[in-house]
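For reference, the structure discussed in these notes is given below.
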Amino acid sequence: MLQWEGCTDLGKTRPINEDGYYISAYSHEMDAAYAMVADGMGGHQAGEVASTMAVRQISDIINESVSGGMDATAIKELLGAAVKKANSTIYEKSRGDISYQGMGTTLTLCFCTGEKAMVVHVGDSRAYLFRDGVLHQITTDHSLVQALLQSGQITEVEAAHHPQKNVITRALGTDFDVEIDIYEFSVFPGDVLLLSTDGLTNLLSDEELTTNLANCSEMNLEKKAQELVAAANERGGYDNITAVLGFKK
């Protein structure tokens, strides 16, 4: 069984919270549960609209369609179809209303069933696996800075403080179609999963995340999520902050 808990916060400088997250009910039939985070972008509160639309539509599609008879391939197809449908819906709304023009959102979703985890990812929100005291970043950011880093044009140190750190290269709703990344890995008892928006990871290093996740358990999961958000706020809280934690029992 995998238990999820989450926390989101406005931060200290933003007028509204454009982050969103969702945690599903646990399915005994499938030994499954999933969670997602989204970080919206766009003026006139359009970012909040985009992230809310994504979270609601994706969860509705999954909850209506997932069943115990589905294998991993069918689940991946369902997750991908749900994300692409949300992309189309957000894109059409942005085209039909000038106040929402150009809106979009990141989306990082983790679906766990038994000992299998599947992550669907668009943008620069992240998924991590914390196992035996070691933090592993599962997703790769779809961002300008990540592209520069991968091409060798900047270093890790330069990436951490780059002035265009928040420029993303892929998002839901900004184009007619969207390319999604899907990751698969195993989860075992004692593993901790972290889904987060960049309001957390831009302010806390991997070392600090590791320290905060130490001694994480099903008993203190919500508290740990709150502590992560509080730590980012203590660093300045320059953005909305969301942390969702999963613990594999």
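Sorting LYS224, LYS116 by solvent-accessible area of protein heavy atoms yields LYS116, LYS224, largest first, with a 1.4 Å probe. Computed over all pairs of different Cα atoms, the Kirkwood value for the hydrodynamic radius of region 1-90 is 14.3 Å. On the chain, 48 percent of the accessible area sits on carbon and sulfur atoms, based on a 1.4 Å probe. Cα centroid separation, region 82-121 to region 219-240: 25 Å. Under 5 Å between amide hydrogens, built in the peptide plane, is the criterion, and for SER143 it picks out THR169 among residues at least 5 positions away or on other chains. Loop-resident GluC sites (Glu not before Pro) (DSSP state other than H, G, I, E or B) in region 119-190 with no more than 10 further Cβ atoms inside 10 Å of their Cβ: GLU179. Shape annotation for region 91-224: C-alpha extents along the principal axes are 48, 35, 27 Å, from largest to smallest.
Please build a GNM for the chain, connecting alpha carbons under 10 Å apart, and tell me which residue among THR140, THR106, THR211 fluctuates the most. Fluctuation is largest for THR211. Note on PHE188: accessible area is roughly 90 Å² with a 1.4 Å probe, heavy atoms of protein only. Between ALA147 and SER27, the distance separating the two model label sites (each 7 Å from Cα on the Cα→Cβ line) works out to 3.6 nm. Using only side-chain charges placed at the Cβ, +1 for Lys and Arg and -1 for Asp and Glu, the dipole size of the chain relative to its Cα centre rounds to 240 debye. Remark: accessible surface ordering of THR197, THR174, THR73 (largest first) is THR73, THR174, THR197, probe radius 1.4 Å.
Taking MET70, MET53, MET41 in turn, the Gaussian network model of the chain (Cα-Cα springs below 10 Å) assigns the largest fluctuation to MET70.
The length gained on full extension between LYS76 and GLU227, counted as 0.36 nm times the residue separation minus their Cα-Cα distance, comes to 51.2 nm. Treating only the Cα positions of region 210-249 as identical point scatterers, give the base-10 log of I(q)/I(0) from the Debye formula at each q in 0.15, 0.22 Å⁻¹. Reported log10 I(q)/I(0), two decimals: -0.35, -0.69. Using Cβ point charges alone (K and R +1, D and E -1), the dipole size of region 100-227 about the Cα centre works out to roughly 140 debye. When the inverse distances between all different Cα atoms of the chain are averaged and flipped, the Kirkwood radius reads 18.1 angstrom.
The values are calculated or read from the model by the stated rules, or taken from the named source; none is laboratory data. Quantities reported herein were computed from a predicted structural model and do not represent experimental measurements. Methodologically, a virtual Cβ is constructed for each residue, glycine included, from the backbone with ideal geometry; neighbour enumeration extends over all protein chains shown. The protein model used for the area step is the full one, side chains on, heavy atoms only, and it has no ligands, DNA or RNA in it. Shrake-Rupley method; radii C 1.70, N 1.55, O 1.52, S 1.80 Å.
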